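All remarks here apply to the structure that follows.
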Amino acid sequence: MASILSGLFPLFLFVFFLYKWVSSRKPKNLPPSPPKLPIIGNLHQMGKHTHRTLLALSQKYGAPDIMFLQLGTKPSVVISSAKAASYAFKTHDASFSERPQLAIAKLFNYGCKDMIFAPYGDHWRRLKSICTLQLFTSSRVKSFRRVREEELDLMIQAIKENSKQLVNLTSLFSSLTNDIVCRTAFGRKYRVDEQGQGIDFDRLIKGFIDFFGRQNVEDVLPWMSWINRFNGFNAKAREVSEVLDPFVERIVHDHATRMKDRLRSSTIDDDDTTIKDFVDILLESYQTDGGAKYAPDAHLVIKALLVNIFAAGTHTQTITMEWTFTELLRHPKVMKRLQQEIRDVVGEKGAVSEDDLENLTYLKAVIKEIFRVHPPVPVVVPRLCREDIKLSGYDIPAGTQIIFNVWAIGRDSAYWDDVDVFNPERFLNSEIDYKGQHFGLLPFGAGRRGCPGILFATTNIEVVLANLVHQFDWSLPVGVEKESLDMSETSGGIPHKKEPVIVIAVPRA
């Protein structure tokens, strides 16, 4: 008997592994998908505007909720409805907590040591804790109130000096958000002077953001990464990196030196009333041995976090402000109602204070509607599925990239009425918010990897818009009709309004 069993054992192993192999080869019940080509999959179907292309494909191929795409070597699932997003975040948020390791993120974020692209694990958890419990708390955001007021006052004075003349609001919004973020995060503003010396912060951000809105061959077809040496991608990436890295290096070095000098000095007391910027907070968070040294890799981690803050905190706010003003100019009744609310609440005061914001319910409704119609990042940073799961009845294999098309979700007719109509009134007497609990409105994502800087961003946006609407009456240039306003976007994954917002401002009497 023993000899018979020993003879059958190899056969048993063969049958067992054959069964496992056949099982693994069985076609999975994947979500609906457009037809694919060999090697490149669905890459040839991706257009200039990623969010619009993904929605058009899902509608054409009967996948309004969830769609499968093969983007080169990357299996990807696109979620385009509030229902599918609800299933994803409520049931599978832990499974979707990983990030794809993009080549460009490894370059600009020091091997993905930042919070946005860091692999899910202890390092990421510590970064999330620092951001939520130290950087972006309500008290911390309030502590920068004076910074916002000073920078906003400078912008308003600049507009008044050009009263009744053409004003480029896009340019002013960009400068304002850059200056606020620089002062709160880095401690001071960074500008190019009249001699052209210094950092062109706006140009640096746009160059950086451009890479995260483009499809990198190295990520989808790794064996063809050599193409980047000839199409200018690598050269341009190095050019941006060679400006970006010395910039954040100098910021961290200057702060670290100042902190060490303060620690060495016995004549200077630590003043708890001093407003600390983000770099100060990060350096303190990574101090060890009573401040004598920093934790391993702390220097690179802090630089990576600063890259996150200055990129995510400036460009997105500018986009939201310029789209808000564009829609207000296109909808004079909305502008009038918003202006009336603000002036009723503020009264005879010359400016809107941050204490007034909680009473401006229509302003908040306008901003929510802007986030629905024009989310600053229409396709939020993808997730990566960590394990085999089922979603909406479909098989999602481990290693699949999960793409949330929040622009399409904001146009989900099963969740919203009149999806193409700009209508802030839909949010009055509504509990729907944009903080990740209502899955039809996800401009900042949701779940574990949702954006922690929501309060910081929205406070800046609200106080700026409220003051501009309160202190000025706005009109379009002579000969420009609201119906003819250009609403086109730039191409890429992080688009902004193609044409700047040009207006005429008249100070309120």
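The values are calculated or read from the model by the stated rules, or taken from the named source; none is laboratory data. What you see is a predicted model; the values in this text were computed from it and never measured. Reconstructed Cβ throughout: ideal geometry from the backbone, glycine too, with neighbour counts over all protein chains shown. We work out accessible area using only protein heavy atoms, side chains counted, and drop any ligands, DNA or RNA first. Shrake-Rupley method; radii C 1.70, N 1.55, O 1.52, S 1.80 Å.
Which whole-number percent gives the relative contact order of the chain, counting Cα pairs below 8 Å spaced six or more residues apart? Once normalised by length, the contact order is 24 percent.
Relative to one another, the C-alpha centroids of the range 31-83 and the range 470-509 are positioned 33 Å apart. Counting only protein heavy atoms and a 1.4 Å probe, the range 73-201 has 44 square angstrom of accessible area per residue. In terms of the mean number of neighbouring beta-carbon atoms within 10 Å, the peptides 475-487, 371-383 order highest first as 371-383, 475-487. Taken about its Cα centre, the chain carries a charge dipole of about 1680 debye when Lys and Arg each add +1 at the Cβ and Asp and Glu each add -1 at the Cβ.
Accessible surface calculations at 1.4 Å, restricted to protein heavy atoms, place the range 301-416 at 33 Å² per residue.
Peptide packing: for 117-124, 222-229, the average count of neighbouring Cβ atoms within 10 Å per residue gives the ranking 117-124, 222-229, highest mean first. Per-residue ellipticity at 222 nm, computed for the chain from helices alone with -39500 (n - 2.57) per DSSP H run of at least four residues, works out to -15000 deg cm²/dmol. Among the listed pairs Lys128/Lys276; Lys333/Lys482; Lys106/Lys128; Lys142/Lys276; Lys60/Lys498; Lys48/Lys106, which are separated by more than 21 Å between their Cα atoms? Lys60/Lys498; Lys48/Lys106, as the Cα separations exceed 21 Å there. Take the alpha carbon gyration tensor of the range 77-137, find the square roots of its eigenvalues, order them as a ≥ b ≥ c, and report rounded if a/c is under 1.5; if not, report prolate when a/b exceeds b/c, else oblate. The shape class here is oblate. With the Cα gyration tensor of the range 89-233 giving a ≥ b ≥ c as the square roots of its eigenvalues, does the rule (a/c under 1.5 for rounded; else a/b larger than b/c for prolate; else oblate) give rounded, prolate or oblate? It is oblate, given that a/c is not under 1.5 and a/b is not larger than b/c. Among the trypsin sites (Lys or Arg not before Pro) in the range 315-369, those placed in a DSSP loop whose Cβ has at most 16 other Cβ atoms within 10 Å are Lys349. In the range 416-464, the inverse of the mean reciprocal separation of distinct Cα atoms equals 12.4 Å; this is its Kirkwood hydrodynamic radius. Within the range 381-509, what whole-number % of the accessible surface is contributed by carbon and sulfur, with the 1.4 Å probe and all protein chains included in the calculation? After summing per-atom areas, the C and S share lands at 49 percent.
For the listed residue pairs Lys236/Lys497; Lys206/Lys368; Lys90/Lys364; Lys364/Lys435; Lys189/Lys349; Lys236/Lys303, the alpha carbons are over 18 angstrom apart in Lys236/Lys497; Lys206/Lys368; Lys90/Lys364; Lys189/Lys349; Lys236/Lys303. Working ranking of peptides 454-462, 174-182, 141-149 by packing, defined as the average number of other Cβ atoms within 10 Å per residue, highest first, is 174-182, 454-462, 141-149.
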